[in-house]
Amino acid sequence: MNKARRTIIALLPLMLVGLSSIAVAQNRERFTISAKAGGVNTVAGRVMVTRQGQEPQLLSSKDDLAAKDVVTTGVTSNAEILLNPGSYLRLAENSEFQFDDISLDHLKLRLTKGSAIVEATGVADMDLGVQVATPNAIFTIIRSGIYRINVEREASELAVYKGRASYGADKTEVLKGGNFVRLSNGAAELAKVPKEKDNFEVWSKQRAQLLAKANERLSRRTLYGFLNDRRWDSWLWGSRRFGLWTFNASFGCYTFLPFYYGWSSPYGHYYGSYLWPGGYYGGNPNPIIVNNQNPPGNQSGPIPPGGSPGITPGGGSVPGGGGPVGPPLGTGSNGAPRDPDSGGRAVTRLPRDPQP
């Protein structure tokens, strides 16, 4: 047996393992509104996952987490995990977390050390109810916004940059945007959120900007190819379903594709590409992808192709009572939506039905 042949035979098991990994990665949904959280969106540096009954292994951006999987970041390492469509959990270096519950209606996280940032997207006045447990406290994210949780040996901290959260087992203490709480030995110390930003916060903001750009550059052809093969009317207006995760191959990550016009990240980045269901309810069997790259600056917004006269993605209801078409935008002086808790940009509201 010549040397080249022996080399090929020796490498064959490794090649089969590699092909198996590629097959698993390709089987992951490219477009989904899964009823569960836990998709890994990006990994930077050395990040490990310990699954029940298994040895620790490297975490990949193609993995999905189950409840009780423990994720640990190393030095100069970060990870971004998908929560409900439009919301992300970001881990700082030297941090550890797990999901206690990955269902969107009862989403529960546990941060045991280090720091995490939650970029939570949702409609205004909606109680997101995302619970983050730490060794010293339980925090509950109530509104769309930006939240940082820090865990130290004898204390836990919550900084609400935008939004609203509660703390304590009875959830009676509420923290609004711009405020900070440190809990230690049952005592709460309140303060304003520090203005200084560390590298982790800078990275989180950069990720939000990149994900908005990934939304902007989604391929209509790819999206239509997916949507034409699916019956999606049954899940369009389900609980907490305001959009879907969409994979952008050019960016190598999932981004948020809203179901209607006017969505923004809590960081203020605009999601210009969105699904317009008006085509479906107007007789077209498939939804319409709209790429509107101008940030919303008026109450009604544009009428997308296939939309019904007098019904725009900026307000009103879907013909036949199927659900809301899009959010009426409470705009500020700069034409961008305002957050009622912090006064910052980016708040999404569901429309009220027109009064008779």
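Could we say that Thr140 is of a type outside the set (Lys, Arg), surrounded by fewer than 23 Cβ atoms within 10 Å (Cβ to Cβ), touching a Gly at 6+ places or on another chain (Cβ under 7 Å) and free of Cβ contacts under 8 Å to residues at least 60 places away in the same chain here? Yes: the conditions hold for Thr140.
Residue selection: Leu82 satisfies the criterion of being in contact (Cβ under 8 Å) with a residue 40 or more places away in the chain and aliphatic (A, V, I, L, M).
Among the listed residues Leu158, Leu175, which satisfies the condition of being of a type in the set (A, V, I, L, M), assigned to a strand (DSSP E or B) and either more than 15 Å from Leu111 (Cα to Cα) or in contact with a Gly (Cβ under 6 Å, 6 or more places away or on another chain) (or both)?
On the way: Leu158 fails: either more than 15 Å from Leu111 (Cα to Cα) or in contact with a Gly (Cβ under 6 Å, 6 or more places away or on another chain) (or both).
Only one candidate qualifies: Leu175.
Would you pick out the residues in the range 88-114 that are among the aliphatic types (A, V, I, L, M) and under 17 Å from Ala37 (Cα atoms)? Once the filter is applied, which keeps residues that are among the aliphatic types (A, V, I, L, M) and under 17 Å from Ala37 (Cα atoms), the range 88-114 yields Leu89, Leu91, Ile102, Leu104, Leu107, Leu109, Leu111. Do the conditions hold for Thr172, that is, is it modelled with pLDDT of 95 or more and of a type in the set (Val, Ile, Thr)? It is false that Thr172 is modelled with pLDDT of 95 or more and of a type in the set (Val, Ile, Thr). All conditions in (1) touching a Cys at 6+ places or on another chain (Cβ under 9 Å); (2) modelled with pLDDT under 95 hold for Ala37, with the sole exception of (1).
The values are calculated or read from the model by the stated rules, or taken from the named source; none is laboratory data. Predicted model only: the values in this text are computed from it and were never measured. Heads up, the Cβs are rebuilt from the backbone with ideal geometry, glycines too, and the neighbour counts pull from every protein chain shown.
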